[in-house]
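The values are calculated or read from the model by the stated rules, or taken from the named source; none is laboratory data. This is a predicted model, so every value here is computed, not measured. Cβ coordinates were reconstructed from backbone atoms using ideal geometry, including for glycine residues, and neighbour counts include every protein chain displayed. Quick note on the areas: whole protein, heavy atoms, side chains included, nothing else; ligands and nucleic acids left out. Shrake-Rupley method; radii C 1.70, N 1.55, O 1.52, S 1.80 Å.
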Amino acid sequence: MTTVGLIANPLAGKDVRRFISAASLNSDRSKIEILRRCVLGAIDAGAEKVLLANDFRNLGLRAVDGLNLGSKIQEMSFHPEGRRTDTTEAAEIFKKEGVKSIISLGGDGTQRDLVLGWLDAPLLPISTGTNNVFPFMVDPTVAGTAAGLLAAGELLIEEVSKQAKVIHVELPNGIKDLALVDVVLVDDRLTGSRAVVKPDSVKQVLAAIANPASIGLASIAGRSKPVYFDDESAVSVICDPKAKQGVFAPIMPGSVSDVGIVDIKEVGLGETIELNGPGVLAFDGERDFVMGENESAKATVLRSGPKVIDPTFAIQTAAANKVFLRKRNS
């Protein structure tokens with residue numbers, strides 16, 4: 001069956017950065033409206049089924065309430081706990097069910113959690129979070145249509161997607177982790193609220209995507225030495241608040257900081273670099289692992305990640321192939 005997977009992180013866009021910067025909250029109502037339009041776009045484009053990932057706020061079920069789509073909507077059979085592992089578990093189920101495309105609502109951290117469950121997923125990420133380097137700002141109906149066309153076989157994933165870079169990290173305890181945008185070493189002792197909000201605490205940034213027009217920790221690298229999604233490289237920036245050189249970077253919405261820069265280095269794909277403790281490693285903007293004085297993590301950037309669907313290019317390709325032209329009943 002031609003199936004589109006649909007998931008939303010109910011916590012995306014509600015972290016501490018929304019309260020200490022100029023960013024606005026992303027409400028449940030807004031996400032429900034986005035999900036609803038995604039569903040309608042996917043079904044109209046030919047998807048036979050939309051598989052909804054459960055969430056503890058019931059956003060998906062509230063989005064399809066009243067649409068009368070019957071068996072075209074299927075609720076995923078697992079019980080979310082309001083943790084980031086919910087997204088990872090949902091991705092594993094999407095993979096098992098063989099969905100043809102996934103629409104994921106959230107920021108960089110949400111997309112990372114999904115990829116932890118399905119590394120090379122056919123992914124159309126929509127921005128609803130705080131850090132939004134990786135996901136698209138796109139109309140939900142367009143996103144739903146693109147995902148639906150892929151599910152229906154009107155488009156091929158190879159035509160309208162490109163495999164993303166992934167920062168693969170080997171932690172001091174031997175556990176392997178990953179990031180889609182950046183891994184940042186922060187001068188801290190605890191993960192705390194997870195979000196990094198103090199610019200002077202940043203010690204090192206390794207970014208696979210470093211767009212100077214982005215918001216978040218990757219902007220430190222982006223405004224020092226830009227690296228884009230399609231570039232076959234990454235960039236490492238060593239930071240120190242006492243450095244003689246600095247870069248102005250918006251690490252939070254509406255908050256531009258002067259970050260001291262000691263060294264800027266291009267990193268080739270497949271090249272391994274070390275991030276040396278002490279400190280806390282933040283993956284895609286969220287603090288996640290504490291390293292001691294003599295501990296270090298090894299990071300390697302590879303193009304081994306999700307097949308990221310470009311919704312605009314997908315619609316343009318479908319139009320060029322005359323997919324939208326249909327015979328009408330007289």
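Scanning region 64-88 for residues that are under 24 Å from Gly41 (Cα atoms), out of contact with any strand residue (DSSP E or B) (no Cβ under 7 Å at 6 or more places or on another chain) and not in a loop (DSSP other than H, G, I, E, B), we see that the one that is most open to solvent (accessible area, probe 1.4 Å) is Ser71.
Exactly one residue out of Asn294, Asn321, Asn276 is closer than 26 Å to Ile167 by Cα, in contact with a Leu (Cβ under 9 Å, 6 or more places away or on another chain) and open to solvent by 70 Å² or more (accessible area, probe 1.4 Å), and it is Asn276. Taking region 129-149 as the range and being buried (at least 24 other Cβ atoms within 10 Å of the Cβ) and either touching a Pro at 6+ places or on another chain (Cβ under 7 Å) or at pLDDT below 95 (or both) as the test, the residues that pass are Gly129, Thr130, Asn131, Asn132, Val133, Phe134, Pro135, Ala143, Ala146.
Only one of the numbered conditions (1) surrounded by 15 or more Cβ atoms within 10 Å (Cβ to Cβ); (2) under 24 Å from the mean Cα position of the chain (by Cα); (3) of a type in the set (D, E, K, R); (4) farther than 23 Å from Lys162 by Cβ is violated by Asp187, and that is (2). Counting only residues that are open to solvent by 90 Å² or more (accessible area, probe 1.4 Å) and in a loop (DSSP other than H, G, I, E, B), region 303-313 holds 0 of them.
Remark: Ala121 matches the filter, which requires a residue to be aliphatic (A, V, I, L, M) and either crowded, with 24+ Cβ neighbours inside 10 Å or in contact with a strand residue (DSSP E or B) (Cβ under 7 Å, 6 or more places away or on another chain) (or both).
Which of the residues that make up region 169-184 are crowded, with 19+ Cβ neighbours inside 10 Å and either more than 24 Å from Ile209 (Cα to Cα) or of a type outside the set (A, V, I, L, M) (or both)? Selection gives Asp182 alone.
Counting only strands (runs of 3 or more DSSP E) wholly contained in region 89-188, the ones carrying 1 or more residues that are touching a Ser or Thr at 6+ places or on another chain (Cβ under 8 Å) occupy 101-106, 122-127, 161-163, 166-170, 182-186. Within region 201-234, the set of residues being over 23 Å from Lys162 (Cα atoms) and of a type in the set (Phe, Trp, Tyr) is empty. Of the listed requirements (1) closer than 18 Å to Asp177 by Cβ; (2) open to solvent by 10 Å² or more (accessible area, probe 1.4 Å); (3) in contact with a Lys or Arg (Cβ under 7 Å, 6 or more places away or on another chain); (4) not β-branched (Val, Ile, Thr), Cys239 misses just one: (1). Just one of the numbered conditions (1) in a helix (DSSP H, G or I); (2) surrounded by 16 or more Cβ atoms within 10 Å (Cβ to Cβ) is not true of Gln316: (2). Reported count of residues in region 3-37, each being among the aliphatic types (A, V, I, L, M) and modelled with pLDDT of 70 or more, is 9. Within region 221-238, residues that are closer than 18 Å to Arg303 by Cβ sit with their Cβ atoms under 8 Å from residues that are part of a helix (DSSP H, G or I), at 6+ positions apart or across chains, in these pairs: Val227/Ala221; Val235/Ala221; Ser236/Ala221.
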